[in-house]
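One structure below.
The values are calculated or read from the model by the stated rules, or taken from the named source; none is laboratory data. From a predicted model like this one, the values you see are computed outputs, not experimental measurements. Quick reminder, even Gly has a Cβ in these numbers, built from the backbone with ideal geometry, and neighbours come from all protein chains shown.
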């Protein structure tokens, strides 16, 4: 297996590109894919202030690394979710990476700053924790970026993540979610633009990127995500990709090009009808309090919160 | 396991309905599901002349049986595809069923009547046989129904078939095919209405129906369909259904209700732009000859056809 560029020994092959790369040229390949995604979807300009949502996992650290090398002014925000053992370790990985590259890292702790943790939220809502977690992340990354004058929030969603979410949305034909599933969600009243620069890169590639670049990341899956539907969708998509390399990319990019425009009207209408949360000012569809503030209120009044 | 209706011993359970049935009540259940599908999608009226596309497999024989019991004037058309061993055996099952119930069966033989068989078509096109086979079936069922004054062609596509085709279309975002994927394709210039009354019933249920009703069907999969992508999609969907009963039904019916309308405009436009085939008069998008007549021409001029 030889590098497509220099014909030296390759360290990774990517079947859907029918290509293999040595370490150096693989890093170049990843940068090119990020540049192409940013350009194709008009994600951001070099002059803009970027807030990277960092979790300490491979995707978000690789994203921060790639954006920094592409000379974006990218600062990180780590959100402490209060998941025993897992959250502390993730923070250590994030801090170590930031300090090794001299990058600016911000930290918000859900428990200290907002009065509840994800395990408490899961227990008071009697639902799978991933819902409360996603909701909290979207809310807090957006409000931090808005309050501190960032132009754009970049998240580490990769091709596998997007394909799995898309499959879930398609299997249930969640037309509202389909209208909002796009590599760029533009700036709107109360919303900072959100972009996914890793959309052209797969999970396995992001792990390889971190290894090659010597980035030490949180390898464990979140212990609360066990049995999460998306992990099942990833398995299914891996089986399809195995049989037909490029299947995931065709699924995600075909959606963006040909189907998303059909679903986006309803999402646009929904956005236009948003009000402002009475407590925090964030956009909300759900009445006087936004979903995050309602979750916070519920967690505060529940006996579990005090335990 | 007890029958939901009579509490007698059940012979089949259907997880997505959270129900089990004895033989008699399962047959009633199947009839109810067909009645509901026909009614919900306005498939046909009792006074209309129905042509059932029969292959000798479980789905098409069960369909014919169900429509007859629901008092539709349903005649069958068997298409001889010229697949060694398989086609002859399928015809025997079809004839045996028709004569046992005293039903009118028509027969068209692709080799004798149109000058080529599916194996020849596959060999001259150098493609998977399923493409030429589907094309030939659509063409010949439609033209037979049109030439003999039937109001509607009914096919035995079940819920699993529809889910697998839908998954394939969605994975590649085939927007044209998505616009045409519906349990009813209405009558249009040159097209007889096409309906799928088994859309609410799964593959396993159709096999059980035939066993319970004593219908002897062709059990073998078509030998030319091996490695067919749809079989892979069925596996994937079975895994999803196993984890979450009702997943297939939610996928197919969610599509019909909420997504198909978004895709159907382009299909309508396409239909409006159809011309008539110079050779057979059938509707065509592809120039002066329709795809079937071109296939026939190609097969006739190929040396393989004579072998």
Revision key, fill the gap. Per the filter on segment B:161-198, residues free of Cβ contacts under 8 Å to residues at least 24 places away in the same chain, surrounded by fewer than 19 Cβ atoms within 10 Å (Cβ to Cβ) and within 14 Å of chain A (Cβ to nearest Cβ) are B:172, B:174, B:177
**Study point:** Residue in segment B:278-293 that is within 14 Å of another protein chain (Cβ to nearest Cβ) and under 21 Å from the mean Cα position of the chain (by Cα) present
**Key:** no
Exercise for review: Kindly indicate whether any position in segment B:25-33 is loosely packed, with under 15 Cβ neighbours inside 10 Å and farther than 27 Å from residue B:247 by Cα.
Suggested key: no
Point to revise | Scan of segment A:240-272 for residues that are over 21 Å from the mean Cα position of the chain (by Cα), loosely packed, with under 15 Cβ neighbours inside 10 Å, modelled with pLDDT of 80 or more and part of a helix (DSSP H, G or I), ordered by number | key: A:242, A:243, A:261
**Study point:** Output for segment B:112-155, where each listed residue is surrounded by fewer than 21 Cβ atoms within 10 Å (Cβ to Cβ) and not in a helix (DSSP H, G or I)
**Key:** B:115, B:126, B:127, B:128, B:148, B:149, B:151
Revision key, fill the gap. Screening B:170, B:165, B:211, B:108 for residues that are in a helix (DSSP H, G or I) and more than 17 Å from residue B:252 (Cβ to Cβ) leaves only B:211
Practice item. Would you be able to say whether some residue in segment B:232-255 is closer than 22 Å to residue B:83 by Cβ and touching a residue at least 12 places away in the same chain (Cβ under 8 Å)? Key: yes
Review point. Quick one: is residue A:76 closer than 30 Å to residue A:290 by Cα and either buried (at least 16 other Cβ atoms within 10 Å of the Cβ) or in contact (Cβ under 8 Å) with a residue 60 or more places away in the chain (or both)?
Key: yes
Practice item. State the number of residues belonging to segment A:50-71 that are over 24 Å from residue A:110 (Cα atoms), touching a residue at least 60 places away in the same chain (Cβ under 8 Å) and out of contact with any helix residue (DSSP H, G or I) (no Cβ under 7 Å at 6 or more places or on another chain). Key: 2
Check your understanding: Does segment A:226-239 hold any residues that are more than 13 Å from residue B:232 (Cβ to Cβ), at pLDDT 80 or above and at the interface with chain B (Cβ under 10 Å from one of its Cβ atoms), and which are they?
Key -> A:232, A:233, A:235
Check your understanding: Mind checking whether some residue in segment B:216-224 is over 27 Å from residue A:238 (Cα atoms), at the interface with chain A (Cβ under 10 Å from one of its Cβ atoms) and exposed (fewer than 15 other Cβ atoms within 10 Å of the Cβ)?
Key -> no
